[in-house]
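The values are calculated or read from the model by the stated rules, or taken from the named source; none is laboratory data. This one's a predicted model, so the numbers in the text were calculated from it and none came from an experiment. A quick note on method: Cβ atoms are made from the backbone with ideal geometry, for glycine too, and the neighbour counts reach across all protein chains shown.
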Amino acid sequence: MNHVIAGVQLPNGTRTDLYVHDGVLADEAPPGAERIDAEGLIALPGLVDPHTHLREPGREDAETVESGAAAAAQGGFTAVCAMANTQPVTDTAEKAEHILDLGVTAGLTQVVPIGAITQNLEGKALAELGLMNRSRAKVTMFSDDGVCLMDAQLMRRALEWVKPFGGVIAQHAQDSNLAGPGACCHESEIAGRLGLGPWPPVAESAIIARDVQLAEATGSRVHVCHISTAEGVEVVRWAKARGIDVTAEVTPHHLLLGTELVEGYDTVYKVNPPLRTSEHIEAVREALADGTIDVVGTDHAPHAPQDKDHAFADARPGMLGLEQALAVVMETSLERLGWEGVADRMSHAPAKLASLTAQQGRPLTVGEPANLVLVDPTARATVNRTDSSSLSRNNPYHGIDLPDPVRLTMWRGKVTYAKD
Ligand SMILES: [Zn+2]
């Protein structure tokens, strides 16, 4: 497992050789090292996804921890945070430890369990936040993602609970009265014409406004999952200017794909929050560039065909994201972010969000863990949904010409993915 990565370029533009010795970056070539020719490639710190749905336990036909971890490695990730909305829900210390152990067994990427905020995601009573944090899984991020925690008093209590151990509450911001169960299309002329339930931007921004004020009132930390609207971005900008401890996330699909894609009723484009219009897409791109949005989170949401092959209104929302995340960020944001910005939004900042900074999101310097991805900055390819480690095929980028950057992923010195 010793390597010399020869002639690679770092995010800051420096050209160097990297030496990997027993999983750590070393200052000289280790004995018996295998040489990796990285001429023309860029090394980024291993990517960290703060928002992944792995579907195990409960829906192993759509994804397992192992298949999701393989998809993560194929996408350049060395850590993924596994959302709690499995069956059963990750709402106890034992269940969080189970996810952790499945990740260790898979051995392809660090799998970090996210705990539910409320028992069974019902929004009625808090889950075992403290016990999950004190467990072997050391849970620090909590989310009911999939549903919004509507009860403001419970949200306040959750923020108070996690504050002593530096935890964070990650909210799926969707006011369920403004955007109810039938809401599945950006509120617009298109939704009206197609007869799809409208999902207005204010359903997102109103919850964000409430939650940042609760974060301020409690002095605790809140994270906004998959922000999708210009209005939501404005609220986060206001909150940050006030010094409120808030972070925000954007998905690859909200950076690239527009609401007009739903015109054909193809359920691969059904996602929650929905695809938006070009003004919103430009707003989230600009916010990612200026730091109002801190991190990219994939919201990788594998679904089996029997959950997608329905009328648009009845299909499950969600799309794959791990394998094309870096490609989409390059396509939409590399010009504004530069490689150091990409490394920040996809590695350093999400590692900090998930309290992983001891192992993940580290600079590629001597003594640091060898978590990295080798990137070809010029290769492009037409995405083919069958070229995937995921068990699901609901890939919204199928048939689109995109960068094809990931050449090799290394986690703790082990090659977890290599493009042949
Ligand atoms: Zn969500």
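Pick from the stretch 125-175 the residues that are among the acidic types (D, E) and within 16 Å of the ligand (Cβ to nearest atom): which of them is farthest from K352 (Cα to Cα)? Walk me through it before giving the result.
Applying the first criterion (among the acidic types (D, E)) to the stretch 125-175 yields 128, 144-145, 151, 160, 175.
Right, trim to within 16 Å of the ligand (Cβ to nearest atom) and you get 144-145, 175.
Details: D144: 20, D145: 20, D175: 28 Å.
Going through the qualifying residues, I end up with D175.
Scan the stretch 174-197 and tell me whether some residue there is within 21 Å of G115 (Cβ to Cβ) and buried (at least 19 other Cβ atoms within 10 Å of the Cβ). Walk me through how you get there before you give the answer.
In the first step, residues of the stretch 174-197 are kept if they are within 21 Å of G115 (Cβ to Cβ); the result is 174.
Next, from what is left, pick out any that are buried (at least 19 other Cβ atoms within 10 Å of the Cβ): 174.
Yes: the stretch 174-197 contains one or more residues that are within 21 Å of G115 (Cβ to Cβ) and buried (at least 19 other Cβ atoms within 10 Å of the Cβ).
Output the residue which, of all residues in the stretch 268-282 that are more than 16 Å from the ligand (Cβ to nearest atom) and surrounded by fewer than 23 Cβ atoms within 10 Å (Cβ to Cβ), is farthest from L196 (Cα to Cα).
Per the stated criteria, the residue is E282.
I'd like the full set of residues that are of a type in the set (G, A, S) and touching a residue at least 60 places away in the same chain (Cβ under 8 Å), limited to the stretch 349-381.
Keep residues of the stretch 349-381 that are of a type in the set (G, A, S), which gives 349, 351, 354-355, 358, 361, 367, 370, 379, 381.
Listed by number, the residues that qualify are A349, A351, A354, S355, G361, G367, A370.
Got a sec? Which of T247, T267 is among the hydroxyl-bearing types (S, T, Y) and within 22 Å of P50 (Cα to Cα)? Break it down into steps so the answer makes sense when it comes.
Numbers: T267 fails: within 22 Å of P50 (Cα to Cα).
One residue alone meets the criteria, T247.
Across the stretch 136-162, what is the number of residues that are buried (at least 24 other Cβ atoms within 10 Å of the Cβ), part of a helix (DSSP H, G or I) and touching a Phe, Trp or Tyr at 6+ places or on another chain (Cβ under 9 Å)?
So the answer is 2.
Only one residue in T267, T259, T218, T229 is under 20 Å from L154 (Cα atoms) and not acidic (D, E). Which one?
Working: T267 fails: under 20 Å from L154 (Cα atoms); T259 fails: under 20 Å from L154 (Cα atoms); T229 fails: under 20 Å from L154 (Cα atoms).
Only one candidate qualifies: T218.
For V250, only one of the following conditions fails: (1) in contact with an Asp or Glu (Cβ under 8 Å, 6 or more places away or on another chain); (2) within 16 Å of the ligand (Cβ to nearest atom). What is its number?
In the conditions (1) in contact with an Asp or Glu (Cβ under 8 Å, 6 or more places away or on another chain); (2) within 16 Å of the ligand (Cβ to nearest atom), V250 misses (1) alone.
Here is a yes/no grid of residues against (1) under 21 Å from the mean Cα position of the chain (by Cα); (2) in a loop (DSSP other than H, G, I, E, B); (3) at pLDDT below 95:
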position: M330; (1), (2), (3): yes, no, no
position: G338; (1), (2), (3): yes, no, no
position: K352; (1), (2), (3): yes, no, no
position: V366; (1), (2), (3): no, yes, no
position: P377; (1), (2), (3): no, yes, no
position: R385; (1), (2), (3): yes, yes, no
position: L408; (1), (2), (3): yes, no, no
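I'd like to know if the stretch 36-49 contains one or more residues that are within 24 Å of A358 (Cα to Cα) and free of Cβ contacts under 8 Å to residues at least 60 places away in the same chain.
Quick first cut of the stretch 36-49, residues within 24 Å of A358 (Cα to Cα) only: 42-49.
Those left that are additionally free of Cβ contacts under 8 Å to residues at least 60 places away in the same chain: none.
Scanning the stretch 36-49, I find no residue that is within 24 Å of A358 (Cα to Cα) and free of Cβ contacts under 8 Å to residues at least 60 places away in the same chain, so the answer is no.
Answer yes or no as to whether V224 is crowded, with 22+ Cβ neighbours inside 10 Å and away from the ligand (no atom under 16 Å from the Cβ).
On the way: crowded, with 22+ Cβ neighbours inside 10 Å: yes; away from the ligand (no atom under 16 Å from the Cβ): no.
It is false that V224 is crowded, with 22+ Cβ neighbours inside 10 Å and away from the ligand (no atom under 16 Å from the Cβ).
Which of the following residues is in contact with a helix residue (DSSP H, G or I) (Cβ under 6 Å, 6 or more places away or on another chain) and modelled with pLDDT of 95 or more: D49, D91?
Numbers: D49 fails: in contact with a helix residue (DSSP H, G or I) (Cβ under 6 Å, 6 or more places away or on another chain).
None of the other options fit; the residue is D91.
Scan the stretch 201-221 for residues that are in contact (Cβ under 8 Å) with a residue 60 or more places away in the chain, away from the ligand (no atom under 14 Å from the Cβ) and within 17 Å of E187 (Cα to Cα) and jot them down.
Within the stretch 201-221, just P201 meets the criteria.
Checking the conditions here, which among R285, R316 is surrounded by fewer than 24 Cβ atoms within 10 Å (Cβ to Cβ), assigned to a loop (DSSP other than H, G, I, E, B) and in contact with a helix residue (DSSP H, G or I) (Cβ under 7 Å, 6 or more places away or on another chain)? Lay out the reasoning, then the answer.
Numbers: R285 fails: assigned to a loop (DSSP other than H, G, I, E, B).
Just one listed residue meets the conditions, R316.
Given T118, T86, T90, T109, which one is under 20 Å from P164 (Cβ atoms) and of a type in the set (S, T, N, Q)?
Residue meeting the stated conditions: T118.
Collect the residues in the stretch 124-135 that are crowded, with 19+ Cβ neighbours inside 10 Å and either without any contact (Cβ under 8 Å) to a residue 24 or more places away in the chain or assigned to a loop (DSSP other than H, G, I, E, B) (or both), keeping them in residue-number order.
Hits for the stretch 124-135 are A127, E128, S135.
Does D344 qualify as being crowded, with 19+ Cβ neighbours inside 10 Å and without any contact (Cβ under 8 Å) to a residue 12 or more places away in the chain?
Working: crowded, with 19+ Cβ neighbours inside 10 Å: yes; without any contact (Cβ under 8 Å) to a residue 12 or more places away in the chain: yes.
Yes: the conditions hold for D344.
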